[in-house]
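K.L.:
Starting off with a structure, shown below.
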Amino acid sequence: MNTRTARSQRPQREPAPPLLDVLDHMHRRILQALGELQQLVDRVQRDGADAAARSEARALRAFFNDHARQHHANEETEVFPALLDSGDAALAGHVRRLQQDHGWLDVDWYEIDPMLDAFAEGIGTDLETLRVAVQVYADLYRDHISLEENVVYPRAREIGAAAARR
């Protein structure tokens, strides 16, 4: 069997979704994880820490340290450059704000992560400080995602479609 025949016998794969659809999907997951993080802090303050709560804290740390940070990197390298070069001053201003948000989200996460890590490892954590930090982080993230989904991503789709027509 030659290579061409072998390839023709492979099952057809669905094409990968467009990048902005993948990023939108990650927004849903980030919003879900933010809710889970806030619920975890509430539950631990109310009921105390147990093995399940510590396991959930580890999973949330992994999500925000890996997937959420990669999401920001993808936006910074794959979406934002074309928008900054679009010639639309208002859009560029929104993108610069989103870039600044990424920095603030990192700063906020660097405050939360060690507290969540200590909790996950069974070490005492000031839950009220964690609650406040998580609230600040969640509020900024929700506002950030709203700007992306309501203003920036629609314009990115328009700019991408216009470039594809050329």
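The values are calculated or read from the model by the stated rules, or taken from the named source; none is laboratory data. All figures in this text were calculated on a predicted structure; none of them were measured in a lab. As a convention, Cβ positions derive from the backbone with ideal geometry for all residues, glycine included, and neighbour counts pool all protein chains shown.
K.L.:
Against the condition touching a residue at least 24 places away in the same chain (Cβ under 8 Å), in a helix (DSSP H, G or I), among the small types (Gly, Ala, Ser) and in contact with an Asp or Glu (Cβ under 7 Å, 6 or more places away or on another chain), how does residue 138 come out, does it pass? Lay out the reasoning, then the answer.
P.N.:
Values: touching a residue at least 24 places away in the same chain (Cβ under 8 Å): yes; in a helix (DSSP H, G or I): yes; among the small types (Gly, Ala, Ser): yes; in contact with an Asp or Glu (Cβ under 7 Å, 6 or more places away or on another chain): no.
Criteria not met by residue 138.
K.L.:
Scan segment 143-155 and tell me whether some residue there is acidic (Asp, Glu), out of contact with any helix residue (DSSP H, G or I) (no Cβ under 7 Å at 6 or more places or on another chain) and within 17 Å of residue 72 (Cα to Cα).
P.N.:
Yes; the residues of segment 143-155 include at least one that is acidic (Asp, Glu), out of contact with any helix residue (DSSP H, G or I) (no Cβ under 7 Å at 6 or more places or on another chain) and within 17 Å of residue 72 (Cα to Cα).
K.L.:
Now for a different question. Select from segment 22-53 the residues that are crowded, with 18+ Cβ neighbours inside 10 Å, modelled with pLDDT under 95 and out of contact with any Leu (no Cβ under 8 Å at 6 or more places or on another chain) and list them in ascending order.
P.N.:
23, 49, listed by residue number.
K.L.:
What pairs come up if the first residue lies in segment 52-63 and is more than 13 Å from residue 113 (Cβ to Cβ), the second is modelled with pLDDT of 95 or more and surrounded by 17 or more Cβ atoms within 10 Å (Cβ to Cβ), and their beta carbons are under 6 Å apart, counting only those six or more places apart or on different chains?
P.N.:
56/40
K.L.:
For segment 70-84, which positions are of a type in the set (D, E, K, R) and either at pLDDT 95 or above or on the phi > 0 side of the Ramachandran plot (or both)?
P.N.:
Selection gives 75, 76.
K.L.:
Looking at the structure I just gave you, is residue 91 closer than 24 Å to residue 60 by Cβ, touching a residue at least 60 places away in the same chain (Cβ under 8 Å) and surrounded by 15 or more Cβ atoms within 10 Å (Cβ to Cβ)?
P.N.:
no
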